[in-house]
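Below is one structure, written out as structure tokens; the observations come after it.
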Amino acid sequence: MTMQAKLPMGIENFREMRTGGFYYVDKTGLIKTLLENPGKVNLFTRPGRFGKTLNMSMLKYFFEAGSDVMLFDGLEISKEKELCEEYMGKFPVISVSLKEVAGKDFDTARRTLCSVLGDEAVRFPFLAESDRLTETEHMQYKKLIELNDYGEYAMSDEVLSKSLLTLSRFLQKHFGQNTMILIDEYDVPLDKAYQSGYYDDMVNLIRSLFGRALKTNDSLKFAVLTGCLRISKESIFTGMNNFKVYTIKDVRYKEYFGFTDAEIRQMLEYYGFLDQYDAVKEWYDGYLFGNLGIYCPWDVINYCGDLRDQSVTEPQNYWVNTSSNDIIRKFLSKAKTADRNDIEQLINGSSIKKMIHPELTYRDLDSDPDNLWSILFTTGYLTQRGLQTDELTELVIPNREIQWIFTKQIREWFKWETEKNMERLEDFCKAFMKNDTDAIEEGFNAYLKKTISIRDTNTRKKMKENFYHGILLGLFGNMDGWNVRSNAESGDGYSDISIEIEDKGIGIVIELKYAEKAAFDTACREALKQVNDQNYEQQLLDDGMTTIRKYGIACYKRRCKVISG
């Protein structure tokens with residue numbers, strides 16, 4: 001019996017993938033396409049978790065002199081005999097990831113960048129003695145790898161900014177072949193710098209580093225960069241005319257980042273999970289790269305792994321565990337009423353049209369809140385629907401997983417918003433104690449107008465009721481001394497919300513109904529009848545509550561009606 005390949009959860013090294021018995025979705029066609037469409041500097045922008053790092057590792061192992069060419073046996077690129085003969089294992093390759101280049105201040109981030117570039121230079125110890133380099137060049141190489149008294153790389157500003165250029169020139173002289181430069185997650189240092197307040201210093205450093213290595217470097221064969229955001233040329237790619245950018249809107253390279261539908265079916269069939277196809281599609285599909293539908297590979301691999309372990313039976317949200325999702329929180333905090341209406345449309349399954357800016361600087365994010373739509377798009381929280389036909393891009397939430405993240409962030413934002421005015425919140429909650437239905441209705445309507453309604457027309461009525469149920473629970477949760485229970489067994493059934501305020505002997509029962517077609521009166525009476533018929537107050541009486549308040553609340557969109565009885 002043949003053993004199944006292991007699922008590559010978190011595997012980003014191509015050699016480990018190919019030698020460790022892992023399932024590999026063949027993306028080596030990227031190599032052929034890259035060689036047939038030559039660009040001196042090539043930038044691929046894709047959201048996180050779509051295989052950028054693994055593809056960069058694949059490029060390194062294909063081109064680098066001395067690599068194990070057997071790693072590519074049986075893969076698509078191995079059929080291209082002439083390309084393999086000319087390029088496979090023939091070039092010096094500089095390969096760095098800037099993913100970890102961060103710090104609370106510029107000096108810390110600079111030291112991290114020195115560490116990344118110094119570690120890469122250490123991969124080529126033969127340069128220190130190469131007979132193709134001069135003594136001066138030997139000394140210059142040693143400046144890339146020398147350490148200070150703290151065991152850190154001691155590069156001066158000049159050595160650091162020239163490090164990629166210097167290393168590429170020395171490798172070219174040693175091997176007699178121009179050098180390939182691979183830079184993964186090129187924009188992370190800028191993102192972190194923007195968040196921590198040293199953006200200008202980092203821009204200047206990255207501009208100098210990239211400009212020298214990628215702009216006028218006669219030792220460069222070609223370069224490949226990856227990132228989430230296409231940073232404005234005026235920011236770090238000044239004067240770089242040899243530059244090709246491939247975004248998620250471009251048709252070329254569309255199939256090489258993320259999984260296609262055919263690849264998903266093949267993987268599910270291989271592991272015996274083809275019956276999960278519809279669930280996988282609902283949760284993890286929905287991205288449109290160029291004109292091709294794409295699944296998020298991180299999610300699918302993790303879900304298949306959990307299915308094999310029998311630790312889950314239904315799709316989970318894996319994206320949320322790899323990202324802080326700060327971008328959504330930031331958007332909500334800056335959003336105008338019109339923006340929140342747009343988000344409501346998106347969450348409820350509709351599309352919106354927005355101007356997407358292909359080039360931004362991180363400063364642009366705060367200068368115009370509308371730019372945040374572009375960030376949500378480039379980072380994978382939104383995707384395009386159909387090809388762009390005018391200046392506006394039609395945007396949708398790609399799948400159920402991302403919808404879940406939006407919903408979670410909206411609820412957290414709403415909680416934060418309501419807690420900013422605790423006096424108003426307490427007055428609203430105390431209205432339930434006082435049996436003041438006018439105040440309850442007025443207060444709840446005011447809160448509903450501030451939030452973003454999640455009322456997907458495809459969801460069941462009960463799911464719509466749960467949205468309002470959740471809002472009320474969140475509001476009541478701020479009251480000290482209130483024992484709030486949800487769907488608690490009481491009388492002959494389960495009440496939506498029951499509350500015990502022990503020091504006052506007051507018990508509150510609430511039943512919520514979704515008012516189809518805004519039939520508020522009917523839904524309120526139905527809710528209150530259910531409270532009385534099912535004897536929901538019995539548990540409160542058994543617990544010693546002497547005053548019982550009973551409410552039927554009907555909700556529709558951002559409106560409600562309240563009756564008591």
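The values are calculated or read from the model by the stated rules, or taken from the named source; none is laboratory data. The model shown is predicted, which means the values in this text are computed figures rather than measured ones. Cβ sites come from the backbone with ideal geometry, for glycine too, and all protein chains shown count toward neighbours. Accessible surface is based on the protein model in full, side chains and every heavy atom, while ligands, DNA and RNA are left aside. Shrake-Rupley method; radii C 1.70, N 1.55, O 1.52, S 1.80 Å.
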Along principal axes, Cα extents of region 287-420, largest first, whole Å: 47, 44, 28
Give the distance, in whole Å, between the Cα centre of region 1-75 and the Cα centre of region 284-302. 18
Relative contact order, percent, the chain [alpha-carbon distance under 8 Å, six or more residues apart]: 11
So how do ASP261, ASP275, ASP496 rank on accessible area, 1.4 Å probe, biggest first, that is with the largest at the start? ASP275, ASP261, ASP496
Solution diffusion estimate, µm²/s, Stokes-Einstein, region 1-155, Kirkwood Rh from C-alpha pairs, 25 °C, viscosity 0.890 mPa s: 135
Kindly provide the GluC sites (Glu not before Pro) of region 188-271 that DSSP labels as loop, not H, G, I, E or B, and whose Cβ sees at most 14 other Cβ atoms within 10 Å. GLU234
Tell me, what % of the accessible area of region 405-448 is carbon and sulfur with a 1.4 angstrom probe? 44
Taking the Cβ of ARG329 as the centre, find all other residues whose Cβ is under 14 Å away and add up their charges (Lys, Arg: +1; Asp, Glu: -1). +2
Which lysines, if any, have their Cα less than 17 Å from the Cα of LYS215, not counting same-chain residues under 8 positions apart? LYS40, LYS162, LYS233, LYS244
Taking Cα atoms, how many degrees apart are the long axis of helix 461-476 and the longest axis of the chain, rounded to 10 and kept between 0 and 90? 90
Among the lysines, select those whose C-alpha is under 16 Å from the C-alpha of LYS354, and discard any that sit fewer than 8 residues away in the same chain. LYS249, LYS336
Note down the Stokes-Einstein diffusion coefficient of the chain in µm²/s, whole number, using a Kirkwood radius over alpha carbon pairs, 20 °C, and 1.002 mPa s. 79
Radius ratio Rg over Rh of region 290-331, counting only Cα atoms, Kirkwood formula for Rh: 1.09
Using alpha carbon centers only, region 87-158 is separated from region 178-215 by a whole-angstrom value of 15
Cα to Cα, under 29 Å, and not fewer than 8 places away if on the same chain: which lysines meet these conditions relative to LYS6? LYS27, LYS32, LYS52, LYS60, LYS79, LYS99, LYS254, LYS281
For a test of the definition: using alpha carbon positions, the gyration tensor, and the 1.5 limit on a/c, classify region 83-137 as rounded, prolate or oblate. oblate
Considering the dipole of the chain built from charges on the beta carbon (Lys and Arg +1, Asp and Glu -1) around the Cα centre, which of VAL96, LEU171, PHE222 is farthest to its positive end? PHE222
So, relative contact order of region 255-366 in percent, Cα under 8 Å, 6 or more apart, is 18
For region 5-104, which whole-number percentage of the solvent-accessible area (1.4 Å probe, protein heavy atoms only) is attributable to carbon and sulfur atoms? 48
If one takes the longest principal axis of the Cα atoms in the chain, at what angle in degrees, from 0 to 90 and to the nearest 10, does the Cα axis of helix 400-419 lie? 60
Trypsin sites (Lys or Arg not before Pro) restricted to DSSP loop in region 262-361 with at most 11 other C-beta within 10 Å: LYS336
Gain on full stretching of the segment that runs from MET3 to ASP261 - 0.36 nm per residue minus C-alpha separation: 90.4 nm
May I ask you to give the percent of accessible area on region 170-264 that is carbon plus sulfur, with a probe radius of 1.4 Å? 43
The relative contact order of region 234-308, taking Cα pairs under 8 Å that sit 6 or more residues apart, comes to a percentage of 35
Rounded tilt (10° steps) of 261-271 against the dominant C-alpha axis of the chain: 80
Measuring with a 1.4 Å probe in the full set of protein chains, what accessible area per residue, in whole Å², belongs to the chain? 45
Excluding GLY305 itself, what net charge comes from residues whose Cβ is under 14 Å from its Cβ, given Lys and Arg +1 and Asp and Glu -1? -1
